[in-house]
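Just below is one structure, and these are the notes that go with it.
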């Protein structure tokens, strides 16, 4: 029997069952059986004519599926609300990691939101996200006593299941131990998910995040013994697959630079030409290994374009990470130090940063909370602050995200426990939540 995954409100209509085993040769037959077993589901997924509702999407093993698609006993079927809209098109769901658990926020785009759930109470949630291909949610949790763990679920309000790993194999050089899981990112192949950890390693899952294996190509690069940690440790925090090409990827490591692969991770090379480590003496900058990259994001519509927030500097690469151009020292930024970074998925010329004063004073400059936007690839920057407060806030590396819609929705959280949101590309802002624990990450899940 195929395994069918249901999220709320469908889960509630199926008697609270989030996972159901159903017989059926096609998606249509599976839906027939579901409606027989759970009559309250009738009319929710298909309309009165038997067609799939406009804003409902069915996935089989991570791929969109029509009603007549054949299904085998080993397949996993997800029935999800489409991001595209319907009556919920102006609703949003945020996953907010904090030092005291994961908060699931729901409410209007660009409006005040309610806490729909809180999980992993009392421990740090480093990062949480939803894989748009399958609807699976992931959370990286670090327990002060029991270490880091990765969890997944089909419903963030329901129960979470612990993954097997990521953990280093016994034969990894140096007897390493995973201390934090910094980032989780969907891959380009069905079932593939990537995770970046400390100490600066890349792990791959080929079964939707249930089990993990170390990428040996990056772990075994000859220069690894020379790598130096940043203030947050030696961490792989940014993963940038190439859309449609699983062989190509860029990753960002603090403090070991950008690493590139074109053979699916078998071999890696550094892409750091043009980066200037101002925190090193001038005579030590040439050929430096300890390059403290804070964040990188690829422009999906123009994959050769990558934006970077550096430890003192904002950069752009036009050749997939081989070389970098300074776009932060001129053009209007009050400071070019910081951690958060967003690129517009629909416009490769547009990016957003949230500057902080400097490495020794990691707060918003001039006592003003501002997001800065470029629409010309970093030639100029302008402040977006309408609705944001004055104050000396700290926004961490993963605490800034977007919803991919048009106009673009932007959300970020601060260590003060506030989360801010904009539904109009940053033109206006509201406080969507306050009095949370210190925020470590923000991602839009719906």
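The values are calculated or read from the model by the stated rules, or taken from the named source; none is laboratory data. Please read all numbers here as calculations on a predicted model, not as lab measurements. A quick note on method: Cβ atoms are made from the backbone with ideal geometry, for glycine too, and the neighbour counts reach across all protein chains shown.
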Condition (residue is surrounded by fewer than 14 Cβ atoms within 10 Å (Cβ to Cβ), more than 19 Å from the chain's Cα centre (by Cα) and assigned to a loop (DSSP other than H, G, I, E, B)) applied to the range 193-215: is it met by at least one residue? no
Against the condition assigned to a loop (DSSP other than H, G, I, E, B), on the phi < 0 side of the Ramachandran plot and touching a residue at least 24 places away in the same chain (Cβ under 8 Å), how does residue 258 come out, does it pass? no
When you look at residue 309, is it at pLDDT 95 or above and surrounded by fewer than 18 Cβ atoms within 10 Å (Cβ to Cβ), yes or no? no
Mind listing whichever residues of the range 45-68 are surrounded by fewer than 17 Cβ atoms within 10 Å (Cβ to Cβ) and either touching a helix residue (DSSP H, G or I) at 6+ places or on another chain (Cβ under 8 Å) or part of a loop (DSSP other than H, G, I, E, B) (or both)? 47, 48, 49, 50, 51, 53, 54, 55, 66, 67, 68
Suppose we filter 403, 390, 361 for residues that are assigned by TED's automatic domain parsing to the domain that holds residue 325 and touching a residue at least 40 places away in the same chain (Cβ under 8 Å); which single one remains? 403
For residue 356, are the conditions met, namely being without any contact (Cβ under 8 Å) to a residue 40 or more places away in the chain and surrounded by 20 or more Cβ atoms within 10 Å (Cβ to Cβ)? yes
Name the residues in the range 219-239 that are in a helix (DSSP H, G or I) and either over 17 Å from residue 167 (Cα atoms) or touching a helix residue (DSSP H, G or I) at 6+ places or on another chain (Cβ under 8 Å) (or both), would you? 224, 225, 226
Selection over the range 168-183 where residues are assigned to a loop (DSSP other than H, G, I, E, B) and either crowded, with 20+ Cβ neighbours inside 10 Å or free of Cβ contacts under 8 Å to residues at least 40 places away in the same chain (or both) yields a count of 7
Residue under question is residue 243, and the condition is that it be in contact (Cβ under 8 Å) with a residue 60 or more places away in the chain, surrounded by fewer than 19 Cβ atoms within 10 Å (Cβ to Cβ) and more than 19 Å from residue 275 (Cβ to Cβ); does it hold? yes
Would you confirm, using the coordinates I've provided, whether residue 341 is buried (at least 19 other Cβ atoms within 10 Å of the Cβ), modelled with pLDDT of 95 or more and more than 23 Å from the chain's Cα centre (by Cα)? no
Subset of the range 301-330 (residues that are more than 21 Å from residue 359 (Cα to Cα) and assigned to a loop (DSSP other than H, G, I, E, B)): 301, 302, 303, 304, 305, 318, 319, 320, 321, 322, 324
